[in-house]
Amino acid sequence: AVTGFADILIDELNSDTDPMTAKAIRTIRSQGGKVSELVDKLLSYTTIESPDTRIKPEPFALDEAIKEALESIQDKIVERGAKVDAPATNLTIMGDRRLVIDAVKNLVDNAIKFNPKPAPVAVIRAEAQADWAALTVADTGPGVPPEDLERVFSSFHQVEKDFTGQQEGMGLGLAFVRKVAQLHGGTAVLRSKLGAGSTVTVTLPRQRDA
């Protein structure tokens, strides 16, 4: 409701609008959007953590899922001046398409959000490993301290601001990603080196060629 009202006010801005008023309206819209996003993430995580949660597996092209995920966060990518490199994988996943898309969104969002560099880079790769697809998202960020490599997958855990450059969100992104992997019988692992970026690898079941 807040963001909708702010959108109406933004549409009515013109050259006669007081600059301070215009700035305040845009700030309300921006912050309202962030609050809405946090609520959505919390609801998604709460739902996926339920013991009654069941995935709905179906075959789908991983490339299409990645494309949809990137399109949904395109505004963030542009805002951060980020570059996302995602060459074709040509893999077919047997899993819950919506959950995988949300997992990719969280991975890329983390890769560019916690990177203090002016033009962060995220690289998405995937390769076949027998009955599995290993999906990796690598970044050029500050890296994660060794003691946090496992803790970042815990609910509401965030790496200290000294390492990430900012303290934003609720610390649910990687917890959500690991839960998605586990629901598919797979894993989510973080590898990182301070000053040299991080790579998250998620394994998902794939549909093998007949």
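The values are calculated or read from the model by the stated rules, or taken from the named source; none is laboratory data. As the structure is a computational prediction, the values presented were derived from the model and not from experiment. Every residue, glycine as well, gets a Cβ built from its backbone with ideal geometry; the counts of neighbours run over all protein chains shown.
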Restricting attention to segment 153-192, and to residues there that are among the charged types (D, E, K, R) and at pLDDT below 90, which single residue is farthest from ASP96 (Cα to Cα)? ASP162
From the list LEU91, LEU70, pick out the single residue that is modelled with pLDDT of 90 or more and within 15 Å of the chain's Cα centre (by Cα). LEU70
Would you check if GLU147 is loosely packed, with under 14 Cβ neighbours inside 10 Å and not in a helix (DSSP H, G or I)? no
Only residues that are of a type outside the set (A, V, I, L, M, F, W, C) and surrounded by fewer than 16 Cβ atoms within 10 Å (Cβ to Cβ): list them for segment 81-91, please. GLY81, LYS83, ASP85, PRO87, ASN90
